[in-house]
Amino acid sequence: MTRIGVLGGTFDPIHLGHLVVGEEARDRLELDRLVFMPAGSPRLKEHAPLASAVQRLEMVRLAVGDNGVTEVSSQEVDREGSTYTVDTITEFRGQLAESDQIYFMVGMDALEQFDRWKEPDRLLRMCNLVVVNRVGHQRVDVNDFVGRFPQAGPGLTLLTVPRLEISSTDIRNRVRDGRSIKYLTPAPVVDYIGLEGLYR
Ligand code: ATP
Ligand code: MG
């Protein structure tokens, strides 16, 4: 049995907040594999990503490297059009053994929109949901959530991660305003953003 963590996101750009979530989950949930999965065209975002899918994927690669545990998946980016988590996880499950466990991570902010996700119940049958705290967002009421999504019950984990008040939105705004983003994301990503002229 392999334990696989999946962190999806727009990663426009990836930052230390994402990396800390992944590492904390790897450590606490004893993951054998940790997969970062940049989204193709996320439907629930108010704005389209500023960086292209190729650029977002490259920044994730630069940030995490490939170290035997952590991987970067281009599965969503490779698919045309809108991507839905339930379809992604279905496809991903198809590559795994029956006994393998998927731990799908979401921040509290993303969970607030869970009602609007496609086929949430089917998604919850295929993976264990890991809910991560995020600065500025209420702790979810677990009883209330499980009341609405009974399928979440057995696999639900609340993971407390160090509170980093970092967001991709803030990084994009900083670049636009000519302010520093050093230490908010790994140095190779800072350099890449500069070289590609992103977010200006
Ligand atoms: P944006 O500001 O563009 O929405 P973001 O910083 O929220 O970007 P996303 O790519 O939207 O980054 O997030 C991907 C996942 O990582 C989501 O589940 C989100 O809740 C989580 N996440 C992002 N930043 C943090 C953080 N600082 N702490 C905890 N979780 C985070
Ligand atoms: Mg976000």
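List of remarks:
- Residue count for region 96-135, restricted to those that are modelled with pLDDT of 90 or more and in a loop (DSSP other than H, G, I, E, B): 12.
- For region 145-187, a tally of residues being within 16 Å of ligand 2 (Cβ to nearest atom) and assigned to a loop (DSSP other than H, G, I, E, B) returns 7.
- Evaluating Val190 against the criteria (1) within 14 Å of ligand 1 (Cβ to nearest atom); (2) assigned to a helix (DSSP H, G or I); (3) touching a strand residue (DSSP E or B) at 6+ places or on another chain (Cβ under 7 Å) leaves one unmet condition, (1).
- Of the residues examined, Gln151 is not one that is in contact (Cβ under 8 Å) with a residue 24 or more places away in the chain, within 14 Å of ligand 1 (Cβ to nearest atom) and surrounded by fewer than 17 Cβ atoms within 10 Å (Cβ to Cβ).
- Taken together, Pro49, Pro13 contain a single residue that is within 16 Å of ligand 2 (Cβ to nearest atom), crowded, with 20+ Cβ neighbours inside 10 Å and at pLDDT below 95, which is Pro49.
- Matching option when the condition is touching a residue at least 12 places away in the same chain (Cβ under 8 Å), open to solvent by 20 Å² or more (accessible area, probe 1.4 Å) and either over 24 Å from Arg148 (Cα atoms) or part of a loop (DSSP other than H, G, I, E, B) (or both), among Val60, Val77: Val77
- Within region 106-119, residues that are among the small types (Gly, Ala, Ser) reach partners that are near ligand 2 (Cβ under 10 Å from one of its atoms) and outside any helix (DSSP H, G or I) with beta carbons closer than 7 Å, at six or more positions or on different chains, in the pairs Gly107/Arg134.
The values are calculated or read from the model by the stated rules, or taken from the named source; none is laboratory data. Computed from a predicted structure; not experimentally measured. So basically every Cβ, Gly included, is an ideal-geometry build from the backbone, and we count neighbours across all protein chains shown. To get the accessible areas, we keep the full protein, side chains included, count just its heavy atoms, and leave off ligands, DNA and RNA. Shrake-Rupley method; radii C 1.70, N 1.55, O 1.52, S 1.80 Å.
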